[in-house]
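Inspection log for the structure reproduced underneath, given as structure tokens.
The values are calculated or read from the model by the stated rules, or taken from the named source; none is laboratory data. From a predicted model like this one, the values you see are computed outputs, not experimental measurements. For neighbour counting, all protein chains shown are included, and Cβ atoms are generated from backbone atoms with ideal geometry for every residue, glycine included. Side chains are part of the model used for accessible areas, which takes the heavy atoms of the whole protein and leaves out ligands, DNA and RNA. Shrake-Rupley method; radii C 1.70, N 1.55, O 1.52, S 1.80 Å.
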Amino acid sequence: MTNIGKRRYEEIPIPDDLEWIVARACRRSSHRRIVKKWLTGFAAVFTLLLICANITPLYASAAEVPILGQMVRVLRIGSGGHATDDVFVTAKATTTGVEISFHTKGGKDSQVPVYSVTRRTAPFRMILRLHGIESMDTESLLTAFSSLDAVADVYLNAYTTAGDQGITVVLNRDCEFSVEENDSPGTLVVDFYDGESDQNATSYFLRSEAMPLGEELADLTQQLSWEGATQVKTAAGEYRVVLGNYRTEEQAREAKAGIEEKFGKSLGLSVAHGGTYEILEN
Amino acid sequence: MVISQVEYARRVQAGRGQFYRIAYCYVKNTQDALDIVSEAIYKGLSSLHQLKQADYFDTWMTRIVINAALTHLRKAVNQPANKGELPEDIRVDEAALSVEASLDLYEALELLEPSERSLVILHYFEDRPFREMAEILDLPEPTVKSRLYRVLKKLKAQLSA
């Protein structure tokens, strides 16, 4: 028998995310396991994950995530969250990542503020930017990330916009990350897991002169924000604004010409290149 | 375990569209439906040892999805789990359960209690035989028909008002 209701039921659209969400749900288990990235003994689990994932081998990982509240979305690149005011940020390490919590001034749980997740290479890093932040417990955040095997380096970014906070997390080889947004309580859980190492391809980028973490860095980043500017810390401890990554030197030079046309040559950008995981000396 | 975790994963992926649609009918929004499916899959994985026969997978998993949806709704609205005594079964002729093709039951779901929606979804949208519905909802078959009949009466009364 057919009827309108049944047709409408059959026409309920299936979101693209569903396959990924199912694969992820299959990965959850009732026990947290600490899996060091060089232990590959759980062959059955990996087989399960590869079949579950059915998307890309990059998700084949045995990292267990403590999932709190109700998961809203999981992403490796993108944005989400809610418009909030005066949010306080704290963080703590979990077995495989970092759980970031948000509170109002009164100490109550807050929703996750508007955030964005960006990824770049040379070096391979995650940039997490938050908006509408009253104050951030930077020490707990940096300490939490630093304690993880997957993290090569982590540092604060500088922004001109009041209420903006952000960090750059540089990853080690064979590591991947995902960011999970939860509601009630609002948390962001950054999870690190085994990933396939990129062939350490060389990529090109534009970078500014080196400068300390501060207003000048923030201003330049703001000026170039539409070009996708990020901040990178060199081995020497100074910061540069970086644009890219570009696949070829020619693309980088073209981009540079385009930007100099818009902003003039005074920005002092130069073309550089590096391996996927390479942190430049200075 | 009658099916392995690998097999479980394969089957839930194969059935994900159906599970999603069922969940969606209870909440009518994507994010909640995804949450419900995610929760249901996790619960299924945790209780995989309770599946007695591989053939039962479909009804077993459907029940888990429905329960996950009901739990989700209870949490949201703070409703108590038991709503008290339900009236006795009445004998129902299956012909009494037919509906006009023009009656939009999908829309009408909004008028129903969550547990009532289960009956409509399984019978009118998924065309499940009563025997299967009884399995999924853990009710005797006559009770399924009886409750479905009452739901239909309730809807027709409300929609014509």
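Every test in (1) open to solvent by 10 Å² or more (accessible area, probe 1.4 Å); (2) assigned to a loop (DSSP other than H, G, I, E, B) is passed by residue A:122 save one, and that test is (1). Being under 23 Å from residue B:20 (Cα atoms) and in contact (Cβ under 8 Å) with a residue 40 or more places away in the chain is a description that applies to residue B:106.
Reported count of residues in region A:252-282, each being surrounded by 15 or more Cβ atoms within 10 Å (Cβ to Cβ) and of a type outside the set (A, V, I, L, M), is 7. Against the condition more than 12 Å from every other protein chain (Cβ to nearest Cβ), open to solvent by 20 Å² or more (accessible area, probe 1.4 Å) and in contact (Cβ under 8 Å) with a residue 40 or more places away in the chain, how does residue B:69 come out, does it pass? Answer is no for this residue. Taken residue by residue, region B:137-150 has at least one member that is free of Cβ contacts under 8 Å to residues at least 60 places away in the same chain, β-branched (Val, Ile, Thr) and not assigned by TED's automatic domain parsing to the domain that holds residue B:56. The single condition from (1) at pLDDT below 95; (2) open to solvent by 20 Å² or more (accessible area, probe 1.4 Å); (3) not basic (Lys, Arg) that residue A:87 fails is (2).
Residue-wise test of (1) surrounded by 15 or more Cβ atoms within 10 Å (Cβ to Cβ); (2) aliphatic (A, V, I, L, M); (3) not assigned by TED's automatic domain parsing to the domain that holds residue B:18.
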site: B:102; (1), (2), (3): no, no, yes
site: B:116; (1), (2), (3): yes, no, yes
site: B:121; (1), (2), (3): yes, yes, yes
site: B:152; (1), (2), (3): yes, yes, yes
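Mind checking whether some residue in region A:90-99 is closer than 30 Å to residue A:205 by Cα and surrounded by 16 or more Cβ atoms within 10 Å (Cβ to Cβ)? Checking region A:90-99: at least one residue is closer than 30 Å to residue A:205 by Cα and surrounded by 16 or more Cβ atoms within 10 Å (Cβ to Cβ). None of A:150, A:235 is in contact with a Leu (Cβ under 8 Å, 6 or more places away or on another chain), among the hydrophobic types (A, V, I, L, M, F, W, C) and open to solvent by 40 Å² or more (accessible area, probe 1.4 Å) except A:235.
Please verify whether region A:215-237 includes one or more residues that are closer than 30 Å to residue A:111 by Cβ and acidic (Asp, Glu). No, the conditions are met nowhere in region A:215-237. For region A:162-200, residues that are assigned to a loop (DSSP other than H, G, I, E, B) and modelled with pLDDT of 85 or more total 6.
Among the candidates A:128, A:148, A:217, the residue that is at negative phi and either touching a helix residue (DSSP H, G or I) at 6+ places or on another chain (Cβ under 9 Å) or in a helix (DSSP H, G or I) (or both) is uniquely A:217.
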